1. Given a cut-off of 28 Å, what percent of all Cα-Cα pairs of the chain lie beyond it?
2. So if each residue of separation counts as 0.36 nm, and I subtract the Cα-Cα distance between residue 140 and residue 276, what length gain in nm does that give?
3. Considering only the range 203-337, what is the antiparallel percent among its DSSP beta bridges, to the nearest 5?
4. Counting only DSSP beta bridges with both residues in the chain, what percent are antiparallel, rounded to the nearest 5?
5. Label residue 66 and residue 33 with points 7 Å out from Cα along Cα→Cβ: what is the distance between them in nm?
6. Quick one: Cα convex hull volume of the range 184-239, Å³ per residue?
7. Using all alpha carbons of the range 1-113, what is the percent of pairwise distances in each 10 Å bin, ordered from the shortest bin to the longest?
8. Once fully extended, how much extra length lies between residue 99 and residue 56, figured as 0.36 nm per residue of separation less the alpha-carbon to alpha-carbon distance?
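What follows draws every value from the coordinates through simple rules; no lab data is involved. All of these numbers come straight from a predicted model, not from anything done at the bench. Reconstructed Cβ throughout: ideal geometry from the backbone, glycine too, with neighbour counts over all protein chains shown.
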């Protein structure tokens, strides 16, 4: 299959592009490089020993998108990663998130409709569930996001459901994934945030490498065993495999929702301890106040994905910590060497 991947130069996108190429798919990437680097695409092609097509285009530009669809009229599906993705930043800049994530998706869907392409895998998030559900989270539980980032994902899910209701030829998968960390085992591609990281693992690895003086742990007064937030950390390569597996589901029209997680909650303090043990380093830290928009506990019931897609997360938290630090050590300045 030929797959068009929006946001394909980013963290999850680049690993998914590699997995697609390794499975024999042709890949077309659309990315505006606002929070990514085209070097990731060079490295993906080197790892796969196969080429892909890359376009530096913002998906909000429908005219440019239609031009790409004209060139690649044989594309069979779209995997949609493009969007802003920080919970904390979304609370500070909500209008940016609504404009970028929702308007970008509407532009993409309009271009797909005009091109007659009606198969989509959407990068959603566990943040759509909000704070009111018991753990583990199941796909049939109520949604109720508690931050602007999560609300954009929830709104886009509703838009996609309405789109299918209006035209039953669409085949749409909503992948609600949890907390991706790790990197490709080669150390050639990984997470490369701009500035001080918003996500926990790149913050830990930069402290371990001496780029930052200490880790700030955001809250130690949650109702959890050690007071720190509990999350379901999933290896980015397992997540990429989940996207590839999901493509088979698009042979049937409908809207399909899947959690992609490990089913195990790990606290911030626990993750730091595992990272120290696996990599033989110490992580100095200081406790700061809670971050706006965060919940205490979030982990998945991923049994539906195993049952219907044949997918299961196989890599351990130790693997995630080891691979994350290998990426950091081999690429101290990320892709900007």
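1. 38
2. 45.2 nm
3. Here the share of antiparallel DSSP bridges comes out near 25 percent.
4. 5
5. Once both label points are built, they end up 2.6 nm from each other.
6. Each residue corresponds to 115 Å³ of Cα convex hull volume.
7. 15, 46, 31, 8, 0
8. Taking residue 99 through residue 56 to full extension adds about 13.6 nm, to one decimal.
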